[in-house]
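Have a look at the structure below before the remarks.
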Amino acid sequence: MDLSFLDKSSGVTPLLVRLYDSHKLYGLAKDKKPMARAELTSAVSALLEMDLSPRESELIADVMIALMRQAEKDLRQALAERLSMIDKAPLRLILQIANDEIDIAGPVLRNSNVLGELDLLYIIKSKGGEYWREIAARKQLSDHVMNILADTRDFDTAITLAENTDINLTQHTVTVLSELAQKNEDIAVPLLRRDDISTDIVTKLYQFVSQEMKSYIVENYDVDTDLLTNAIDDIVLELVEVAEENQFAPTPAVIKSVERFKEKGLLTVKMMLATLKRSQMQTFVAMFAKYTGLPVDTVISILKQSSGQGLAVACRAFDISKQDFISLYLLSNRLRNGGKMVDLKEITRAITYYDRIQPDIAKGIIENSLTSLN
């Protein structure tokens, strides 16, 4: 180990010698691993907590990276734990550890202040869910990193974010987590227990959670309990009525409930698709009518078209994507032919029409339709 550039009085020299000797000891004394590991991690800590010159810091980084590459797993874990709490640790050394296997990388990803936003973003993009979850548990996260983690839509990462009370969730993160929570109560439970969740999100989640969580919501949030209860009753009633009578016109209660969602800005295409997947045809008709401003009768009429032209026009006019248009067409098949298999020619024709019609023309058709109705 060349230490010639160091001043003879430098306190780094004996520590580097100690580091070298303890590493050598670790390799030779197999029956004294715990003792040698403690000696080595102690030497590393003492070095990195000193006031080092840039040259000294670079030398230590070189030594440590070489050591980490040769060390066995238990030593790398011990060093990672210690280094994760040292703010003076060289960045390239911390990055070396952060890209190791998750058992070693975890403490650094979760705790190290050396990692900046760009470092974390790179790790998120280049690694998988185990690494995302460790980052999601950090006590400090920038809004951008938080949003990127949410956009992975990984359930375990979402749970970790929802459980992390050291951070304030962004609006985008809350929106994504609430969408995932509709499918997984393991996300809904910690999300609903946070202090930074709005009543609108709580109301939206109410119908998707267990009875125990419904009771928790009623006890801990200032929500309209009559509205919540009626919403659940309407859903049950709707599913029964549609199954028995094949009626798709929404009741006044359903329309009122949808109006409340629109007023609160919760009426989205994703919500409509989720409603269709649950076979809530009346609610979907009411939602699509409120979303587009078209009368309920008109919505039912265009949904019953096997050609899909009316639905294509409405989707184009309101900037609903092609993928969502196809999903709406397929999921609303129950309105057209009782849920029988969609004819390939019909769906092909509907997609072709969607591709051909221009958004400005579609908007004009909708505007003329609304004008003629008035």
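The values are calculated or read from the model by the stated rules, or taken from the named source; none is laboratory data. What you see is a predicted model, and the numbers here were worked out from it, not measured in a lab. No Cβ is skipped: glycine too gets one built from the backbone with ideal geometry, and neighbour counts run over all protein chains shown.
Out of the residues in region 324-348 that are within 17 Å of SER301 (Cα to Cα) and of a type in the set (Ser, Thr, Tyr), which is modelled with the highest pLDDT?
TYR329
For region 319-352, how many residues meet the condition of being assigned to a helix (DSSP H, G or I) and over 34 Å from the mean Cα position of the chain (by Cα)?
The total comes to 6.
Among the residues of region 62-92, count how many are small (Gly, Ala, Ser), assigned to a helix (DSSP H, G or I) and in contact with a Lys or Arg (Cβ under 9 Å, 6 or more places away or on another chain). Working first, answer last.
Of all residues in region 62-92, those small (Gly, Ala, Ser) come to 66, 71, 78, 80, 84, 89.
Next, from what is left, pick out any that are assigned to a helix (DSSP H, G or I): 66, 78, 80.
Next, only the ones that are in contact with a Lys or Arg (Cβ under 9 Å, 6 or more places away or on another chain) stay: 78.
Of the residues in region 62-92, 1 are small (Gly, Ala, Ser), assigned to a helix (DSSP H, G or I) and in contact with a Lys or Arg (Cβ under 9 Å, 6 or more places away or on another chain).
Would you please name the residue that is farthest from the chain's Cα centre (by Cα), looking only at residues in region 93-119 that are surrounded by fewer than 14 Cβ atoms within 10 Å (Cβ to Cβ) and in a helix (DSSP H, G or I)?
This residue is ASP103.
Over 28 Å from the mean Cα position of the chain (by Cα) and modelled with pLDDT under 80 - does that describe any residue in region 250-268?
Yes, that holds for at least one residue.
Could you check how many residues of region 125-155 are under 9 Å from the mean Cα position of the chain (by Cα), part of a helix (DSSP H, G or I) and surrounded by 15 or more Cβ atoms within 10 Å (Cβ to Cβ)? Please lay out each step first, then the result.
Residues of region 125-155 that are under 9 Å from the mean Cα position of the chain (by Cα), as a first pass: 146-155.
Filter once more, so that each one left must be part of a helix (DSSP H, G or I): 146-151, 155.
Narrowing further to those that are surrounded by 15 or more Cβ atoms within 10 Å (Cβ to Cβ): 146-150, 155.
Of the residues in region 125-155, 6 are under 9 Å from the mean Cα position of the chain (by Cα), part of a helix (DSSP H, G or I) and surrounded by 15 or more Cβ atoms within 10 Å (Cβ to Cβ).
With LEU276, LEU266 as the choices, which residue is within 21 Å of LYS183 (Cα to Cα), touching a Leu at 6+ places or on another chain (Cβ under 6 Å) and touching a residue at least 24 places away in the same chain (Cβ under 8 Å)?
LEU276
Checking the condition loosely packed, with under 15 Cβ neighbours inside 10 Å, on the phi < 0 side of the Ramachandran plot and assigned by TED's automatic domain parsing to the domain that holds THR251, which residue from SER369, SER332, SER307 passes?
Going through SER369, SER332, SER307 in turn, just one is loosely packed, with under 15 Cβ neighbours inside 10 Å, on the phi < 0 side of the Ramachandran plot and assigned by TED's automatic domain parsing to the domain that holds THR251: SER307.
Yes or no, residue by residue, for (1) among the acidic types (Asp, Glu); (2) within 17 Å of PHE261 (Cβ to Cβ); (3) in the same structural domain as MET281 (by TED's automatic domain parsing); (4) modelled with pLDDT of 65 or more:
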| position | (1), (2), (3), (4) |
| --- | --- |
| SER178 | no, yes, no, yes |
| ASN184 | no, no, no, yes |
| LEU191 | no, no, no, yes |
| ASP196 | yes, no, no, yes |
| ILE201 | no, yes, no, yes |
| TYR206 | no, yes, no, yes |
| LYS214 | no, no, no, yes |
| GLU219 | yes, no, no, yes |
| ASP234 | yes, yes, yes, no |
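Might you let me know whether region 151-159 holds any residue that is closer than 25 Å to GLY116 by Cβ, free of Cβ contacts under 8 Å to residues at least 40 places away in the same chain and of a type in the set (Phe, Trp, Tyr)?
no
Answer with yes or no whether ALA158 is in a helix (DSSP H, G or I), farther than 23 Å from ARG278 by Cα and in contact with a Pro (Cβ under 6 Å, 6 or more places away or on another chain).
The answer is no for ALA158.
Taking the conditions exactly as written (closer than 24 Å to ALA105 by Cβ and either buried (at least 17 other Cβ atoms within 10 Å of the Cβ) or at pLDDT 85 or above (or both)), does GLU163 satisfy them or not?
Values: closer than 24 Å to ALA105 by Cβ: yes; either buried (at least 17 other Cβ atoms within 10 Å of the Cβ) or at pLDDT 85 or above (or both): yes.
Considered against the rule, which asks whether it is closer than 24 Å to ALA105 by Cβ and either buried (at least 17 other Cβ atoms within 10 Å of the Cβ) or at pLDDT 85 or above (or both), GLU163 comes out as yes.
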